[in-house]
Amino acid sequence: MLHLLVILAAISFTLTASQTNEKSPPTYEVVYGEFTWFEAKQECEKIGGFLAEPRTPAENVKMESLCASETYWIGITDLNHEDIFTYARDDSTIIYSNFAVHQPNSWDGEQDCIQLYTDGTWNDLSCFEHLGAICQFASGCHGDPHMRTFDGRAYTFQGTCWYTLFKDCTEHSRFEITTKFEPREDSTPDQVRTRIVAFNITVGDEYSIIDGLDINTGRTDGQKTEARVITTQKKDKKIKLNFTSKNTTFTLEWTLRKHALSVTYDGSFYHGKLCGLMGNADGIAVNDFQKPDGSVAKDADEFGESWKVNGTKCY
Ligand SMILES: [Ca+2]
Ligand SMILES: [Ca+2]
Ligand SMILES: [Ca+2]
């Protein structure tokens, strides 16, 4: 009997451990071509992404599955400090590596950029060789606007109002994030292109409104107490916000210059329990166009319009 209890305890511990490790998964796309590493980096940025940065064995396997017969650049380099490999975006030291046997071999300091082999292992190579690129995308909204759901479904939607980006879709909803889209200056009546200019986070009775780079925080009941649930950091014209609900921490990163709002989560409670323009976060991309009534929209326009926030002033 004791033996059985120990086994049951072990099983439940394993389940808990795997459930609490649930992060929003990155999505990858191959850009075919003959690029130097520097050009490959630009190619990814042009489409709202960045050169891939695999940080776990699982992410490396997911990336490897895209390169059946060719090799590609990824976003890791030792250009800035020989033999210390860092992520290209922020120059932080890598936390995971998968070098092939006898690599990195540096070749007298001539090999500074990482090539992904077809078997998923890495090689340092001269940055001026010509390869394709594996780009990575954050879930959220970028530019005019490239939308990507938590489950990696990409679409464009030219809204011109406030929309629900994502919210707690459980019975006792605790949070909602809404975003304001406005037409770009170069929009014409025939071709409207819009982008995010502001967003609003409400968690319980606390809110933060971010308009451009202005942050306005308070309580929906009017009390002027310091905000506690939503944390905000502002640095180099970027704003990063965090809040935690149940076992899950959501992180929003806002880069005004690119009108980019990326969202990630870490935690399992909201698996399949979110809704809005970023889908339901159940790991399946094809079911992401659910409207507020639970039915599935036929296209991105119908889906997007269904998440317009009622009663807001629009253009
Ligand atoms: Ca090197
Ligand atoms: Ca090498
Ligand atoms: Ca889904």
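The values are calculated or read from the model by the stated rules, or taken from the named source; none is laboratory data. Keep in mind that this is a model prediction, so the values were computed, not measured. Because the Cβ atoms are built from the backbone with ideal geometry, glycine has one as well, and the counts that use them run over all protein chains shown. Only protein heavy atoms, including side chains, enter the accessible area calculation; ligands, DNA and RNA are left aside. Shrake-Rupley method; radii C 1.70, N 1.55, O 1.52, S 1.80 Å.
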**Asked** At 222 nm, what helix-only mean residue ellipticity would the chain give, in deg cm²/dmol to the nearest 500, using -39500 (n - 2.57) for each DSSP H run of four or more?
**Response** -4000 deg cm²/dmol
**Item:** Approximate spin-label separation Leu66-Val192, in nm, with each point projected 7 Å along Cα-to-Cβ
**Value:** 3.2
**Message:** Just to confirm my understanding: which cysteines in the chain have no other cysteine beta carbon less than 4.7 Å from their beta carbon?
**Reply:** Cys67, Cys141
**Request:** Could you tell me which of Thr56, Thr244, Ala88 has its Cα farthest along the dipole of the chain towards the positive end, charges placed at Cβ (Lys, Arg +1; Asp, Glu -1), taken about the Cα centre?
**Result:** Thr244
**Request:** Once you have the Cα-Cα distance between Ser92 and Asp301, take 0.36 nm times their residue separation minus that, and quote the gain in nm to one decimal.
**Result:** 71.3 nm
**Request:** Take region 27-137, compute every pairwise Cα distance, and split them into 10 Å bins from 0; I just need the percent in each bin.
**Result:** 16, 54, 29, 1
**Estimated dipole of region 140-306 in Debye, rounded to 20 [Cβ of Lys and Arg +1, of Asp and Glu -1, Cα centre]** = 620
**Segment Asn105-Thr56, length gained on full extension (0.36 nm per residue, minus Cα span)** = 15.4 nm
**Asked** How long is the gain from Thr312 to Lys240 if the chain were fully straight, where each residue apart is worth 0.36 nm and the alpha carbon distance is subtracted?
**Response** 23.4 nm
**Fill in**
Under a Gaussian network model of the chain whose springs join Cα atoms within less than 10 Å, the largest fluctuation of Lys291, Lys235, Lys180 belongs to Lys235
**Request:** For region 51-149, run through the GluC sites (Glu not before Pro) and keep only the ones in DSSP coil with at most 14 other Cβ atoms within 10 Å of their Cβ.
**Result:** Glu70, Glu82, Glu110
**Prompt:** Angle between the Cα long axis of helix 37-46 and the longest principal axis of the chain, 0 to 90 degrees, nearest 10?
**Reply:** 20
**Complete:** For Trp37 the rounded accessible area (nearest 10 Å², probe 1.4 Å, non-protein molecules ignored) is 10
**Fill in**
Computed over the Cα atoms of region 140-306, the Rg and Dmax in Å are 15.5, 47
**Request:** Using per-residue counts of other Cβ atoms within 10 Å, averaged over each peptide, order 40-47, 163-170 from highest down.
**Result:** 163-170, 40-47
**Asked** Once both axes come from the Cα atoms, what is the angle between helix 2-19 and the longest principal axis of the chain, in degrees from 0 to 90, rounded to 10?
**Response** 80
**Request:** First measure r as the distance between the Cβ atoms of Thr36 and Gln223, then evaluate 1/(1 + (r/R0)^6) with R0 = 45 Å and state the FRET efficiency to the nearest 0.05.
**Result:** 0.20
**Asked** Which listed residue (Phe157, Pro145, Ile134) has the Cα farthest towards the positive end of the charge dipole for region 89-174, taking +1 on Lys and Arg C-beta and -1 on Asp and Glu C-beta about the Cα centre?
**Response** Phe157
**Complete:** per DSSP, antiparallel bridges as share of beta bridges in the chain, % nearest 5, sits at 95
**Request:** Using a 1.4 Å probe over the heavy atoms of the protein chains, calculate the carbon and sulfur portion of the accessible area of the chain as a whole percent.
**Result:** 52
**Item:** Dipole of the chain, positive end: most advanced residue of Ser69, Gln290, Ser208 [Cβ charges, Cα centre]
**Value:** Ser208
**Item:** Average accessible area per residue (Å²) across the chain - probe 1.4 Å, nucleic acids and ligands excluded
**Value:** 53
**Asked** Just from the alpha-carbon atoms, what are the Rg and Dmax of the chain in angstroms?
**Response** 21.7, 74
